[in-house]
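The values are calculated or read from the model by the stated rules, or taken from the named source; none is laboratory data. Keep in mind the model is a prediction, meaning the values are calculated, not measured. With ideal geometry, Cβ positions are generated from the backbone for all residues, glycine too; neighbour counts draw on all protein chains shown. These area figures cover heavy atoms from the full protein model, side chains too; ligands, DNA and RNA do not enter into them. Shrake-Rupley method; radii C 1.70, N 1.55, O 1.52, S 1.80 Å.
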Amino acid sequence: MDALDVILILVVIAAAVHGVRLGAAVQILSFAGALIGIVIGVILVVSISPHIHGRLPKTFAALLMLLVPAAAFWGLGRQLGARAWKHLRGHVF
C-alpha cells in the first residue's frame with residue numbers, strides 16, 4: 001500500500017462521512033444535475049462549435065458551454081436535494 005492508496009481511502013471515508021451528514025438526496029440530485037448540465041453542454045458545443053473559427057476562441061467557447069450549464073444544473077440539483085432532504089428528514093422509512 002503506497003501513499004496514493006492511503007489518500008484514496010481517506011477521500012472515500014471523507015465522502016462517506018460527508019454523505020451521511022449531507023444526505024443522499026442532496027448528493028444524488030447534485031450529481032444528476034451536473035450530468036444533465038454536461039449533456040446540455042455537449043449539445044451546445046456540437047451545435048455552436050462549427051460556427052466559431054479559430055482554435056483559441058473555439059476552445060474557450062467549448063469550455064464555457066460545458067462548464068456553465070454543468071455548474072448551473074449542479075446548483076439547481078443541490079438546491080432541490082436540500083429541500084428534499086429537509087422534507088425527508090422528518091419521515092421514518
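Quick test for you: out of Leu29, Leu66, pick the one residue that is under 30 Å from His87 (Cα atoms), in a helix (DSSP H, G or I) and not small (Gly, Ala, Ser). Break it down stepwise before answering.
Details: Leu66 fails: under 30 Å from His87 (Cα atoms).
Selected residue: Leu29, the only one of Leu29, Leu66 that is under 30 Å from His87 (Cα atoms), in a helix (DSSP H, G or I) and not small (Gly, Ala, Ser).
Tally time: how many residues in the range 36-73 are open to solvent by less than 90 Å² (accessible area, probe 1.4 Å) and free of Cβ contacts under 8 Å to residues at least 12 places away in the same chain?
9
Out of the residues in the range 27-44 meeting the condition of being under 9 Å from the mean Cα position of the chain (by Cα) and among the small types (Gly, Ala, Ser), tell me which one is nearest to Thr59 (Cα to Cα).
Among those that are under 9 Å from the mean Cα position of the chain (by Cα) and among the small types (Gly, Ala, Ser), it is Gly37.
Output the number of residues of the range 57-89 satisfying the condition of being within 12 Å of the chain's Cα centre (by Cα) and of a type in the set (Val, Ile, Thr).
Step one: of the range 57-89, the residues within 12 Å of the chain's Cα centre (by Cα) are 66-78.
Still in the list and also of a type in the set (Val, Ile, Thr): 68.
Residues meeting the conditions: 1.
Inspect the range 19-28 for any residue being among the β-branched types (Val, Ile, Thr), crowded, with 16+ Cβ neighbours inside 10 Å and modelled with pLDDT under 85 and give the result as yes or no. Talk me through it step by step, then tell me what you get.
Looking only at the range 19-28, we keep the residues that are among the β-branched types (Val, Ile, Thr), and these are 20, 26, 28.
Narrowing the set further to residues that are crowded, with 16+ Cβ neighbours inside 10 Å leaves 26.
From what is left, the residues that are modelled with pLDDT under 85 are 26.
Within the range 19-28 (the criterion being among the β-branched types (Val, Ile, Thr), crowded, with 16+ Cβ neighbours inside 10 Å and modelled with pLDDT under 85), the answer is yes, since at least one residue qualifies.
State whether one or more residues within the range 15-25 are in contact with a Gly (Cβ under 6 Å, 6 or more places away or on another chain) and either of a type in the set (Gly, Ala, Ser) or not in a helix (DSSP H, G or I) (or both).
Just the residues of the range 15-25 that are in contact with a Gly (Cβ under 6 Å, 6 or more places away or on another chain), to begin with: 25.
Now narrow it down to the ones that are either of a type in the set (Gly, Ala, Ser) or not in a helix (DSSP H, G or I) (or both): 25.
Yes, there is a match, as at least one residue in the range 15-25 is in contact with a Gly (Cβ under 6 Å, 6 or more places away or on another chain) and either of a type in the set (Gly, Ala, Ser) or not in a helix (DSSP H, G or I) (or both).
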